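Read the structure below first, then the notes.
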Amino acid sequence: AYEAAVAARNKDDLRSPICCILGHVDTGKTKLLDKIRQTNVQEGEAGGITQQIGATYFPVDAIKQKTQVVNTAGTQEYKIPGLLIIDTPGHESFTNLRSRGSSLCNIAILVVDIMHYLEPQTLESLRLLRDRKTPFIVALNKIDRIYGWEATPDNGFQDSLAKQKPAVQREFADRVQKTILAFAEQGLNSVLYYENKNFARNVSLVPTSAITGEGVPDMIMLLVNLTQQRMSESLMYLSTLECTVLEVKVIEGLGTTIDVVLSNGILHEGDKIVVCGLNGPIITQVRALLTPQPLRELRIKSQYVHHKEVKAALGVKIAAPDLEKAIAGSRLLVCGPDDDEEELAEEVMSDLTSLMESIDKS
Ligand code: GDP
């Protein structure tokens, strides 16, 4: 049966990996997100980057466009259908995206300020990533702050470095060495990504500037390569539903809604869903599956597009009755015709204790 299932798989069943951004405050997480979301105006929506609820989706065409400058030989392989990047950087969305102790975030970017090396929340992020066994890369950000740096906007990093004066190159090399040492003190091998021969053993450092955009194409390329190498075959395909509540929000005209990340499987309008609530399990029915209206459609009255069904991975807003007491971080399960409602209720409620602990901490 397994082999039949594998044989039946086709390109439409491919699933996009989910990426989170972590790091110390002020290292440039938000700015980096802005930079990678920025579309090339001339090419309009050709890349097809779509703003979702709590996330941004990059279809493979957009990824190809953004990595063009570092794929001059055209040898890069793109096997993933796209990449879903969670828009809220930081610990919270990373810890919320969990399932039975493991993480639903398939890959992470740990942002480090090259002027400051490792800072307290960098170490905290490292602990989280290790606990959840999440593969990650390090964006060594703010390279443009190295004294004398001459920027070539949106360039591939190695080409930009080659254009710098020797003193700038020396300072860069020195800062990389110090970063590597600091990571070694944490028991971690790290190396500049283009010298990394073993992704499984060494963490890749990718120098970036969220202001000039230099190194950002390298970073995206690295995300592609790492997910393709490290994600298991099973993760690459749609399978059992995995869905997490990221935020609970009151929206005028819709009442209390939940913003969820669907990391695997398919959700339908009308599905009976079960989530963890403050006063017990919430069992309700999906009234609407909503994503934001594309920018060019802003003249249309409604703020949202309605979907009959949505496929992982993506961020979506769910409107349904009785969501007032839903808890962020809760798993969402779908109750099918053959499922035991009470069993599912028990399952989502088993997260309550750990969810309350993380609420208390924040
Ligand atoms: P976050 O707290 O990690 O989300 O950091 P922000 O993205 O808010 O950035 C913090 C500050 O650093 C802001 O003033 C940014 O403009 C600045 N910044 C972020 N990235 C860079 C960079 O690559 N180069 C320089 N020079 N400044 C940056």
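The values are calculated or read from the model by the stated rules, or taken from the named source; none is laboratory data. Values in this document were obtained by computation on a predicted structure and should not be read as measured data. No Cβ is skipped: glycine too gets one built from the backbone with ideal geometry, and neighbour counts run over all protein chains shown.
Structural remarks
- Selection status of Arg145, over 28 Å from Gly74 (Cβ atoms), away from the ligand (no atom under 16 Å from the Cβ), surrounded by fewer than 18 Cβ atoms within 10 Å (Cβ to Cβ) and of a type outside the set (Phe, Trp, Tyr): no
- Selected residue [in a strand (DSSP E or B) and either at pLDDT 95 or above or surrounded by 20 or more Cβ atoms within 10 Å (Cβ to Cβ) (or both)] from Leu344, Leu323, Leu289: Leu289
- Considering region 1-30, the residues that are part of a helix (DSSP H, G or I) and at pLDDT 75 or above include one that is nearest to Asn141 (Cα to Cα), namely Lys29.
- The residue pairs whose first member lies in region 196-225 and is farther than 13 Å from Lys35 by Cα and within 16 Å of the ligand (Cβ to nearest atom), whose second member is outside any loop (DSSP other than H, G, I, E, B) and acidic (Asp, Glu), and whose beta carbons are closer than 6 Å, counting only pairs six or more residues apart or on different chains, are Val206/Asp218.
- Meets criteria (in contact (Cβ under 8 Å) with a residue 12 or more places away in the chain, within 16 Å of the ligand (Cβ to nearest atom) and touching a helix residue (DSSP H, G or I) at 6+ places or on another chain (Cβ under 9 Å)) for Gln164: yes
- Each residue in region 121-142 was checked for being at positive phi and either of a type in the set (Phe, Trp, Tyr) or within 16 Å of the ligand (Cβ to nearest atom) (or both), and 1 pass.
- Residue match in region 177-185 (condition: charged (D, E, K, R) and surrounded by fewer than 17 Cβ atoms within 10 Å (Cβ to Cβ)): yes
- Candidate set from region 25-40 (those that are of a type outside the set (Ser, Thr, Tyr) and near the ligand (Cβ under 7 Å from one of its atoms)); member that is surrounded by the most Cβ atoms within 10 Å (Cβ to Cβ): Leu32
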